[in-house]
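What follows is calculated from the coordinates using simple rules that are stated; it is not laboratory data. None of the values given here were measured: they were computed from a predicted structure. All Cβ positions, even for glycine, are placed from backbone atoms using ideal geometry, and neighbour counts span all protein chains on display.
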Amino acid sequence: MKALCWQGVNELSVENVPDPRVINDQDAIVKVGLTTTCGSDLHLLGGYIPAMRAGDVIGHEFLGEIVEVGPEVRRHKVGDRVVVTSFIGCGRCWYCENDLWSACDNSNTNPAIGEMLYGRAPGGIYGYSHAMGEYKGSHAQYVRVPFADFGAFSVPDEVSDLDALFCSDAAPTGWMGAELGGVKPGDVVAVWGCGAVGQVAARAAMLLGAERVIAIDRYPERLTMTERHVGAETIDYTRTDVIAELLERSGGRGPDVCIEAVGMEAHSAGPHHLYDKVKQRMGLELDRPVAVREAIYACRKGGSVFVLGVFAGLVDKFPLGAIMNKGLTFRAAQQHGQRYVPRLLDLVSRGELRLAHMATHTMPLYEAPRGYDLFKNKKDGCVRAVFRPWA
Amino acid sequence: MKRAVLGAAALGGAGVGAWRWLSSRRTTARTRRAASRWLVVTVNRRPDEVVPGGRLPEPLARLGDAVEVRVREAPGGRGTELAARPLAPVPTGVTEVLARLGGEDPRQAVRRALRESRCLVETGEVLRADKTVTTRPTPAGRLVDLAVERAGGEGRL
Ligand SMILES: NC(=O)c1ccc[n+]([C@@H]2O[C@H](COP(=O)([O-])OP(=O)(O)OC[C@H]3O[C@@H](n4cnc5c(N)ncnc54)[C@H](O)[C@@H]3O)[C@@H](O)[C@H]2O)c1
Ligand SMILES: [Zn+2]
Ligand SMILES: [Zn+2]
């Protein structure tokens with residue numbers, strides 16, 4: 001089959017790779033209909049995620065049709081149109097049972113790497129480095145879905161492919177930031193990043209009753225899209241002092257909940273950006289936490305900060321003093337998708353959550369390297385490049 | 001050249017982990033302690049489901065007399081703590097490093113058996129990885145290969 005392979009830092013190519021097959025009895029094989037770029041892939045491309053090997057098939061946010069099931073798959077049959085969560089959860093370990101799906105104890109087939117890096121291993125995910133298990137990604141014609149009863153969700157007829165696609169990863173991630181960030185009616189919520197993840201986080205905050213939602217980015221087309229499709233206010237951080245602006249818009253208190261949806265390659269205009277970038281390149285600091293720092297600083301006393309952006313290792317100049325002295329709650333997670341997908345599909349089918357607009361560029365899989373160029377460099381207003389492996 | 005440097009940077013995190021793993025074994029007291037330490041997983045099932053009638057889960061049973069096993073209920077309804085350690089003396093110091101790199105440290109088999117036992121008891125099967133192949137062997141890639149080959153038996157478990 002055809003698949004998009006990581007070949008090295010900033011190097012991608014479409015290759016012929018062996019078709020996946022059912023290995024475990026609870027596996028399903030999904031014929032991929034749509035598969036999208038995600039901000040997390042940019043960290044892989046940039047070489048910031050450890051344990052990548054030339055030839056690894058990337059991609060983890062996808063939708064398709066089940067074409068084969070193992071003998072122990074109970075809830076799905078051949079022909080089902082399904083969206084699959086990016087993290088693989090067994091559904092029966094303590095973490096899955098407690099809705100912490102991305103921390104599944106059984107889905108990461110290479111636990112030692114995560115244990116060495118983090119003390120404990122995160123769960124497995126498709127196409128996201130050998131540290132997160134040995135799984136081929138979804139930028140391919142077929143993908144093997146382990147524990148299919150738990151990771152694959154049938155899509156209601158009234159929900160379009162493009163809307164359902166983002167229920168795999170971007171939408172549950174954004175939703176998780178608002179929900180586990182503790183957004184309550186009347187809150188002022190600030191969201192850093194107007195990519196797909198940030199846009200959904202902003203929308204989720206509104207649906208959870210926030211009084212005011214303010215999203216921050218620098219790309220005019222993303223800011224406009226967030227205003228139009230999400231209904232949030234925006235701030236262009238290159239044109240104003242974000243913290244002063246947030247204070248002014250929140251009665252001098254600071255936002256109640258601050259959600260970071262930017263990640264370890266955050267951009268900033270200030271001199272510390274250069275400092276972070278140099279240190280990151282020298283391997284002295286793995287991640288650039290610009291937006292995290294700002295979120296912590298902006299947050300009101302006793303408020304909460306939720307980090308959705310992916311970080312891989314160490315950060316520098318982490319404002320622990322602000323967290324401690326303001327009494328903040330600081331939380332982060334890889335997405336617990338299985339917890340949110342049914343609700344998200346329902347919100348989409350009722351028209352309360354719109355997602356398809358984020359697919360600004362749709363193209364055949366063989367054009368995926370161009371898609372990543374558009375997405376990475378935010379060219380031509382690209383918010384997400386979506387691939388059709390069978391086109 | 002640039003690519004090689006960046007590749008090494010990408011593996012920097014893993015490098016730190018490996019270094020700590022090797023260097024944390026320097027003091028002999030710690031080493032002796034580590035050699036006799038129980039390796040433990042918590043299984044999200046009651047003890048009578050983990051070891052029905054005293055029968056060990058198959059991956060652990062396969063190690064036979066090579067290991068001693070301890071089972072106890074986990075606090076707070078968290079299931080069962082399943083602990084094991086090899087009976088044979090565990091290599092220490094330089095021999096340990098070589099044994100671990102060569103995949104011959106007896107604790108590697110124990111870690112693997114514990115992980116597989118947990119997966120089997122909780123889910124009914126032992127999850128297997130996709131078979132992935134490289135398109136181009138590189139030094140960084142070979143390091144990943146080694147890490148992957150040992151991953152089931154290594155780590156902090
Ligand atoms: N936690 C999870 O499970 C999970 C899942 C999916 C994605 N993610 C992560 O979420 C992040 C966003 O993903 P995405 O797909 O939306 O990516 P994206 O690249 O499309 O969006 C990131 C946005 O952040 C903006 N940005 C950069 N620096 C900023 C700053 N200092 N202040 C405000 N905005 C800034 C960029 O302009 C961009 O629009 C990534 O780090 C990704 O890895 C996490
Ligand atoms: Zn993602
Ligand atoms: Zn699990």
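What to note about this one:
- In a simple Cβ point-charge model (Lys, Arg +1; Asp, Glu -1; nothing else charged), the protein assembly as shown has a dipole of about 1660 debye relative to its Cα centre.
- Put a plus charge on the Cβ of each Lys and Arg, a minus charge on the Cβ of each Asp and Glu, and nothing anywhere else: the dipole of segment B:37-153 about its Cα centre is then about 220 debye.
- Computed over chain A: relative contact order in percent, which uses C-alpha pairs under 8 Å that are six or more apart: 17
- Percentage relative contact order, segment A:234-391, counting C-alpha pairs under 8 Å, at least six apart: 17
- Neighbouring partner chain Cβ atoms per residue of A:52-63, average, 10 Å criterion: 4
- Chain A, helix-only ellipticity at 222 nm - DSSP H runs n ≥ 4, -39,500 (n - 2.57), divided by all residues, nearest 500: -7500 deg cm²/dmol
- Overall, segment A:59-188 carries a charge dipole of about 320 debye about its Cα centre when +1 sits on the Cβ of Lys and Arg and -1 on the Cβ of Asp and Glu, all other atoms neutral.
- The order of the peptides B:112-122, B:96-106 by mean Cβ neighbours within 10 Å, most packed first, is B:112-122, B:96-106.
- The H on the amide N of A:LEU353, modeled in the peptide plane, is under 5 Å from the matching H of A:VAL348, each at least 5 residues off or on a different chain.
- Within segment A:288-391, GluC sites (Glu not before Pro) in DSSP loop having at most 12 other beta-carbon neighbours inside 10 Å: A:GLU352
- Rounded if a/c under 1.5, otherwise prolate or oblate - segment B:37-153, Cα gyration tensor axes: oblate
- From phi via Karplus (6.51, -1.76, 1.60), per-residue ³J(HN,Hα) for segment A:90-102 in Hz, x at Gly/Pro: 7, x, 9, 7, 4, 5, 4, 5, 9, 6, 10, 4, 6
- Scoring A:327-338, A:78-89 by mean Cβ neighbours within 10 Å over their residues and listing the highest first yields A:78-89, A:327-338.
- Over 18 Å (Cα to Cα) - which of A:LYS317/A:LYS376; A:LYS376/B:LYS131; A:LYS31/A:LYS77 fall in this group: A:LYS317/A:LYS376; A:LYS376/B:LYS131
- Between A:HIS229 and A:TYR275, the FRET efficiency from the beta-carbon distance, with R0 = 45 Å, is close to 0.80.
- Environment charge at B:GLU116 (Cβ cut-off 13 Å; Lys +1, Arg +1, Asp -1, Glu -1): +2
- In segment B:48-91, taking the dipole from charged Cβ atoms about the Cα centre, the farthest positive-side position among B:PRO75, B:LEU60, B:LEU87 is held by B:LEU87.
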